[in-house]
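To keep things clear, I will list the structure first and then write my remarks on it.
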Amino acid sequence: MKYLKTLMASALAVVVSAPVALADWQPRKPVEFIIMAGTGGGADQIARLLQGLIEQKGLSSRPFIPINKPGGSGAEALRYMQDKAGDDHTVMMTLNSFYTTPIIQEDLGVDVTQFTPIGLMAMDTFLLWVHTDRDDITDLDSYVDAVKGAGLDWKVGGTGSGQEDSVLTAMMEAAFDYEVTYIPFPGGGTVAKNLIGKQIDSTVNNPSEQLAFYEAGDSKPLVQFTGERMAAFPDVPTAKELGVNIEYYMQRSVNGPPGMSAEAVEFYTNLFQTLFDSAEWQEFCVSDGLTCDGMLNGADLANFHASQVEAHKKLIAQVGAGAITGE
Amino acid sequence: MLDIATLLGAGLLQAFEPLNLMMIFIGCLAGLFIGAMPGLGSVNGVAILLPVTFLVPPTAAIIFLAALYYGAMYGGAVSSITLGIPGASTAVATVFDGRPMAQQGKADQALTAAAVASFIGGTISVILFTLFAPPLAVFALKFGPQEEFALMVLAFATFIGLGGDDIPKTIFSILLGLVMAAVGFDIISGQPRLIFFDFVELQRGIGFLVLAIGIYGIGEMLWTLENSRGKVRIHAVSTTWKSFKKNLSHIREYLPTTALGSALGFFVGTLPAAGATPASLMSYGLAKTFAKDPDSFGKGNVSGVAAPEAANNAASTGSMLPMITLGIPGSPTTAILLGGMIIWGLRPGPLLFTDRPDFVWGLIGSMYVANFVTVALNLALIPLFVRVLAMPFTILTPIIFILCFVGVFATTDRMFDVWLMLILGLGGYLMRKLNYPVAPAVLAIVLGPLAEQSLRQSLISSRGDVMTFFERPISLTCMLLALALMIYPIWLGIRRRRAGAARGPE
Amino acid sequence: MSTRSAELLMAAGLLLLSLGLMWTVLADELHIGWVEGRGPGAGVWPFWLSAGMALASLWTLVRWFRGATPESRNKAPYIDGQSLGLVLISFVALTVMLVLVHIVGTYIATALFLGFYMRFIGKHSWRTTVNTCIGMVLLIYFLFEWQLTKYLPKGATMFEDGFLWIDNFRWQYLM
């Protein structure tokens, strides 16, 4: 036992080098890094990468501990943060369920605009994917024709009713006036695999989920739902270019609970700014097809959240909560 | 074939580099101890130590984590056998016979069997992995929701005989587990279900671990306290070189089930979403169904320890396959490994084998080496593990209670689950006293979510047509096998009764 | 209470539980039927399986009246009188420990629990008791807090501050 202790201690001692003082305020206990999604997903990967970078660069005197609270599309995490109001040692990695979950679950009693904005790390994007073997589908028009021809036999995979891709699917149904069968799977990776295995006909996946298959020539993107074409997909048109007004992003921002002290906010903002500017993070953004043009923080991020909440309220009212939940 | 040999040779050489070899060693040892803690399994170990790996090259990092994964799989058996608490869902089946063996004073034999079976399972599957990785990846892609559901039916069929003698109580237990699995957020409809008293915490659902530790940790300890009237005496075991050799000589008894379990485990492990838990249960169920003495299972049959252990180690290797070739995790642990690979700048997928052969073959090479290291470490540490059993119960009992609490908290990060564990443990104890079997509920809560989801996904995709399960070849095969497995024990029973009747009353 | 009465009570209680589960599904307005073109609704799985639980409990009740289960014929006490005290005190002590975790934090609560159990139930010497308690607390701290970087519950702010003061030494001198 003693031997093991020494061994493990030395293995771990290598990891945590002497902390470097950055700001006046420093965490005095480990920081809970809440992830409002399960292990292995996009938000989880990002949070664990950031945690690793914080330790590697010695940015904090105490470690960040990633904690997954995936319950109820993030409802559990949101409630947890709300109850932690005024706490300086908890931050949360969010995705779009940050906006949608409080709208769909009204009795949750969470107002995300009250949360403390820290930094917008990246915007993730969505593309429409089909299997490469579908020779009859080459662009958006032929896709819409194929879907209309198949009717309800057309199967779209996604990560669950009420999730971002189901909102996007509902938006497309409204825009093109067709109806599809939406099949929820746990996690974007599983959706991608089911597309390649031809269990489903099309998906709206993040680039990171499909990139490996795309590079292997198993899947092809038809449209990107961004404002401008991404560098990673220069030949894929945006929906707007084709005259379809759909633009949708997945935000990946870090937020604190309501009422965090100003000194702590300054510390976390500086810390995440350092991470954002690091070569590692920028490389990750490029390789995973994330948009990382500049980190929004403070009032800018608060305004961004407010406008997103409004936009999602409209979206959900427009497509109807029923179209999203599917029953 | 020659290609594979060359690549594997290079991989093995890589595994023997000093840094990588050290990684294997530390990983196996740390995994062994993490896995041996009740509650902590490979998932926690890998998630928690992931950041450690940013300091070393990717190949060394994945070798470290894979070794940890391996070590934890071996270690899970330790807590199942010595404490009677499964550390992870993959080690539930090991409790069934491992715990009785420990109570009979054969803990060392059970631990040896677990280690040897794990070694055989791990080695067989890494050989299969080396030979058949690419074709199996193609096969895994054919596995849709229909096939997943058929596999779940097959898994249920294999452990149909695991319940008690009381049929209505066994049925109740299975159904209770399945219903508990439905608590939480339904991803298909996006609605919360069975949220009692509006506890927002329940939206996450009732974790398998909370139920298993409640029942096997709290419930089992209360049961032991009552039955022994405080005079708990689990036989302390002497561990000598002679007894060790004697334990090894038992291998012949469980070799056939181990081999079967290994092949089955590898195959089930390669299927995305299935993972090591159903594999170990199916392996146990099959070992029991086809044993000459099925009645001795659950009472300390060494094959009942070997079969699930071989399968869960084989499956942990198997689940690396969809992770590397498809970027799909076959188990929660590989989901985190996958995250790690992306962070190291490696993109798992069909091209990884050709783009980064050094990485893939280094990993495969390390699996061979890690197997030898873990079995050696494990066998060497058995004397230490069995010493736990020599502790007086007034020390061991409170320590187990404390470990249950800390273990559950460390995995789920909330006191809510600790309280839930206490309540479920008390309920399980009270029910168990009335001959309600508890194992079926624990198994059902693991397989329930998979079964329900795949059933509904299939039906949505076939637009409500039930025939979809019988129209697809793989799904049909699984369904027919399940049917055969359900009929077999009945047929066997009838035949025995007839044989008994023919012989006349004795 | 005899085992016979316990069997009846348990079966009746589980029947109520099953009916309660079915009612919860209905109260949540989940779809318990076949949705045309989509297969079973969200409530089908919990509702009908709970119905199955109810039937299984009914079956057990019928068997109780017929005296078909060994438990329904067993007049011996449900919980053995001689060990009832031990089981009860263990469970209560465990519950008290978990309540204490919320107030004084993991370390003090576990040490008190272990100390109580060893000294007053096990009648071990003070020396063994104190040594084991210290060893256990250090083990939990080393393994969970330090090596696995888990932040275990620390209780009220006062106790948390105390812990942090001690924990500070690790950060300053050991790492």
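Listed values, structure above:
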{"quantity": "Residues that are surrounded by fewer than 12 Cβ atoms within 10 Å (Cβ to Cβ) and part of a helix (DSSP H, G or I), drawn from region C:63-84", "calculated": "C:Phe65, C:Arg66, C:Gly81, C:Gln82"}
{"quantity": "Any hit, region C:85-95, residues being facing chain B (nearest Cβ under 7 Å) and outside any helix (DSSP H, G or I)", "calculated": "no"}
{"quantity": "Only one of B:Ala93, B:Ala67 that is within 25 Å of B:Ile213 (Cα to Cα) and hydrophobic (A, V, I, L, M, F, W, C)", "calculated": "B:Ala93"}
{"quantity": "Qualifying helices (runs of 4 or more DSSP H) (wholly inside region B:304-414; at least 1 residues being of a type in the set (Asp, Glu) and closer than 28 Å to A:Leu53 by Cα)", "calculated": "B:352-355, B:357-387"}
{"quantity": "Selection from region B:460-478 of residues that are out of contact with any Leu (no Cβ under 8 Å at 6 or more places or on another chain) and either at pLDDT below 80 or not acidic (Asp, Glu) (or both)", "calculated": "B:Ile460, B:Ser461, B:Ser462, B:Gly464, B:Met467, B:Arg472, B:Pro473, B:Ile474, B:Ser475, B:Leu476, B:Thr477"}
{"quantity": "Scan of region C:37-50 for residues that are surrounded by fewer than 18 Cβ atoms within 10 Å (Cβ to Cβ) and either within 7 Å of chain B (Cβ to nearest Cβ) or of a type outside the set (Phe, Trp, Tyr) (or both), ordered by number", "calculated": "C:Gly37"}
{"quantity": "Single match in B:Gly448, B:Gly493 (criterion: touching a residue at least 60 places away in the same chain (Cβ under 8 Å), out of contact with any Cys (no Cβ under 7 Å at 6 or more places or on another chain) and of a type outside the set (Asp, Glu))", "calculated": "B:Gly448"}
{"quantity": "All positions within region B:337-371 that are free of Cβ contacts under 8 Å to residues at least 40 places away in the same chain and either among the acidic types (Asp, Glu) or over 13 Å from B:Ala61 (Cα atoms) (or both)", "calculated": "B:Arg347, B:Pro348, B:Gly349, B:Leu351, B:Leu352, B:Thr354, B:Asp355, B:Arg356"}
{"quantity": "Region A:150-161 residues that are more than 10 Å from every other protein chain (Cβ to nearest Cβ), paired with ones that are aliphatic (A, V, I, L, M) and surrounded by fewer than 19 Cβ atoms within 10 Å (Cβ to Cβ) (beta carbon under 8 Å, 6 or more apart)", "calculated": "A:Trp154/A:Ala146"}
{"quantity": "Residue check for B:Val138: within 14 Å of another protein chain (Cβ to nearest Cβ), surrounded by fewer than 24 Cβ atoms within 10 Å (Cβ to Cβ), within 30 Å of A:Ile196 (Cα to Cα) and out of contact with any Asp or Glu (no Cβ under 9 Å at 6 or more places or on another chain)", "calculated": "yes"}
{"quantity": "Residue among A:Ile137, A:Ile183 that is under 24 Å from B:Ala335 (Cβ atoms), among the aliphatic types (A, V, I, L, M) and either surrounded by fewer than 18 Cβ atoms within 10 Å (Cβ to Cβ) or not assigned by TED's automatic domain parsing to the domain that holds A:Gly294 (or both)", "calculated": "A:Ile183"}
{"quantity": "Output for region C:130-175, where each listed residue is in contact with a helix residue (DSSP H, G or I) (Cβ under 6 Å, 6 or more places away or on another chain), modelled with pLDDT of 85 or more and among the aromatic types (Phe, Trp, Tyr)", "calculated": "C:Phe159"}
{"quantity": "Identity of the residue in region C:11-23, in contact with a helix residue (DSSP H, G or I) (Cβ under 7 Å, 6 or more places away or on another chain) and within 9 Å of chain B (Cβ to nearest Cβ), that ends up nearest to B:Ala181 (Cα to Cα)", "calculated": "C:Leu21"}
{"quantity": "Options C:Trp59, C:Trp34; residue that is closer than 26 Å to B:Tyr429 by Cβ, among the aromatic types (Phe, Trp, Tyr), out of contact with any Ser or Thr (no Cβ under 8 Å at 6 or more places or on another chain) and surrounded by fewer than 21 Cβ atoms within 10 Å (Cβ to Cβ)", "calculated": "C:Trp59"}
{"quantity": "Index of the failed condition, C:Phe116 passing every other in (1) facing chain B (nearest Cβ under 7 Å); (2) part of a helix (DSSP H, G or I); (3) without any contact (Cβ under 8 Å) to a residue 24 or more places away in the chain", "calculated": "(1)"}
{"quantity": "Any hit, region A:56-72, residues being part of a helix (DSSP H, G or I), at the interface with another protein chain (Cβ under 10 Å from one of its Cβ atoms) and free of Cβ contacts under 8 Å to residues at least 60 places away in the same chain", "calculated": "yes"}
{"quantity": "Breaking point among (1) over 20 Å from B:Met341 (Cβ atoms); (2) assigned to a helix (DSSP H, G or I), for B:Gly71", "calculated": "(1)"}
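Per-residue answers, yes or no, for (1) in contact with a Lys or Arg (Cβ under 8 Å, 6 or more places away or on another chain); (2) aliphatic (A, V, I, L, M):
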{"residue": "A:Phe225", "(1), (2)": "no, no"}
{"residue": "A:Ala232", "(1), (2)": "no, yes"}
{"residue": "A:Lys240", "(1), (2)": "no, no"}
{"residue": "A:Tyr248", "(1), (2)": "no, no"}
{"residue": "A:Pro257", "(1), (2)": "yes, no"}
{"residue": "A:Phe272", "(1), (2)": "no, no"}
{"residue": "A:Trp281", "(1), (2)": "no, no"}
{"residue": "A:Ser287", "(1), (2)": "yes, no"}
{"residue": "A:Val309", "(1), (2)": "no, yes"}
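Per-residue answers, yes or no, for (1) in a helix (DSSP H, G or I); (2) under 18 Å from B:Val95 (Cα atoms); (3) of a type outside the set (Phe, Trp, Tyr):
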| site | (1), (2), (3) |
| --- | --- |
| B:Ile120 | yes, no, yes |
| B:Val126 | yes, no, yes |
| B:Pro134 | yes, no, yes |
| B:Ala140 | yes, no, yes |
| B:Glu148 | yes, no, yes |
| B:Ala157 | yes, no, yes |
| B:Phe185 | no, no, no |
| B:Phe197 | yes, no, no |
| B:Glu201 | yes, no, yes |
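Each row is one residue, and each column tells you yes or no for (1) closer than 30 Å to A:Asp177 by Cα; (2) more than 19 Å from the chain's Cα centre (by Cα).
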residue: A:Ala239; (1), (2): yes, yes
residue: A:Glu247; (1), (2): yes, no
residue: A:Glu263; (1), (2): no, yes
residue: A:Tyr268; (1), (2): no, yes
residue: A:Leu275; (1), (2): no, no
residue: A:Ala279; (1), (2): no, yes
residue: A:Cys285; (1), (2): no, no
residue: A:Asp288; (1), (2): no, no
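The values are calculated or read from the model by the stated rules, or taken from the named source; none is laboratory data. Just so you know, these numbers come straight off a predicted model, no measurement behind them. Because the Cβ atoms are built from the backbone with ideal geometry, glycine has one as well, and the counts that use them run over all protein chains shown.
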